[in-house]
Amino acid sequence: MPWRFRAKREMPSGVWIKCKNCNATLFQKDFEANLSVCHECSWHGPVSARRRIEILTDEGSFEENWTELHPKDWLGFNDKEPYPDKLKKSVARSGSFEAAIAGSAKLDGHRIFLCALDFAFMGGSMGSVVGEKVTLTVEAATDAGVPAIVVSQSGGARMHEGAISLMQMAKTSAAIERHGRKGLMYISVLTDPTTGGVTASFAALGDVIIAEPRALIGFAGPRVIEETIRAQLPKGFQRSEFLLDHGFIDRIIERKDMKSELSRIIGIACPSRQDNS
């Protein structure tokens, strides 16, 4: 009787994932239950902006603001496809209408305003709406007299909006300056990756700058820098640990400890701001 080979069984999608750092095969549900952190090597995988907000805020306390803001094709931009088509695909992929979600919340009872960027939406790039949401978040915190927190995960300024995108760097920075003049705290949380014009503006302006482990943080990419200076970069260049050693960031905190660390910092700096109502 001739041999018969069984057809190779296909692995159902969404059941297993492979760690991008140690190549361990991880059960998807366990990985997500562990806040999308590898059990083997503690690699911090990407999470959506909404999931980030769930992790950092008290249950049911987040109230999203400025949902009416949507991106505009200022330039009639078209590379391989029109900018509006790219936006539609990003909406379908991310479930959000922009790369930033912002609003008010409580963090261990502390009232805050929070904005989180989502890499799933056009690489978390900063266009006019992202810049506006970051600015409005900080301004609302200023008016309320409470801390502002921005969680960055971005490839930088959005080239599809040209100079209008670059203008957001100045606008967000000015809002943070006004917030600081009121004696109020602004905390910047950097995740993998945080690059380009986002790094060159609001991401680097925190009174306290916290990063997740091994996050890529910088302006230009390592390859561009090496080609420009014609020198080999140090090992771990632009990773959180390197930047901590060189004084660019203040702390490296694992995702599971981020909420408690933010609460501790706010409690020290703003002990009278807690509101348990």
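At a glance:
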{"read-out": "The lone exception for M185 - which of (1) without any contact (Cβ under 8 Å) to a residue 60 or more places away in the chain; (2) of a type in the set (A, V, I, L, M); (3) touching a helix residue (DSSP H, G or I) at 6+ places or on another chain (Cβ under 6 Å) it fails", "value": "(1)"}
{"read-out": "Condition check for S104: in contact (Cβ under 8 Å) with a residue 40 or more places away in the chain and touching a Ser or Thr at 6+ places or on another chain (Cβ under 7 Å)", "value": "no"}
{"read-out": "Filtered residues of segment 93-108 (kept if at pLDDT 95 or above and among the small types (G, A, S))", "value": "A99, A100, A102, G103, S104, A105"}
{"read-out": "Qualifying residue in segment 103-121 (condition: surrounded by fewer than 24 Cβ atoms within 10 Å (Cβ to Cβ), among the acidic types (D, E), assigned by TED's automatic domain parsing to the domain that holds T195 and outside any helix (DSSP H, G or I))", "value": "yes"}
{"read-out": "Pairs with Cβ under 7 Å, 6+ apart, first in segment 250-271 and closer than 22 Å to A204 by Cβ and touching a residue at least 24 places away in the same chain (Cβ under 8 Å), second part of a helix (DSSP H, G or I) and among the polar types (S, T, N, Q)", "value": "I252/S240"}
{"read-out": "Residue in segment 53-60 that is surrounded by 14 or more Cβ atoms within 10 Å (Cβ to Cβ), assigned to a loop (DSSP other than H, G, I, E, B) and in the same structural domain as L216 (by TED's automatic domain parsing) present", "value": "yes"}
{"read-out": "Any hit, segment 136-156, residues being farther than 17 Å from S188 by Cα, at pLDDT 95 or above and buried (at least 21 other Cβ atoms within 10 Å of the Cβ)", "value": "no"}
{"read-out": "Residue that is farthest from G123 (Cα to Cα) [pool: residues in segment 34-46 that are of a type in the set (A, V, I, L, M, F, W, C) and in contact with a Phe, Trp or Tyr (Cβ under 9 Å, 6 or more places away or on another chain)]", "value": "C38"}
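Every residue, every condition in (1) at positive phi; (2) in contact (Cβ under 8 Å) with a residue 60 or more places away in the chain, yes or no:
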| position | (1), (2) |
| --- | --- |
| T194 | no, no |
| V198 | no, yes |
| G206 | no, no |
| E212 | no, yes |
| A220 | no, no |
| R230 | yes, no |
| L244 | no, no |
| F248 | no, no |
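The values are calculated or read from the model by the stated rules, or taken from the named source; none is laboratory data. Fair warning: this is a prediction, and the values are worked out from it, not measured in the lab. Please note: Cβ atoms are built from the backbone with ideal geometry, for glycine as well, and neighbour counts cover all protein chains shown.
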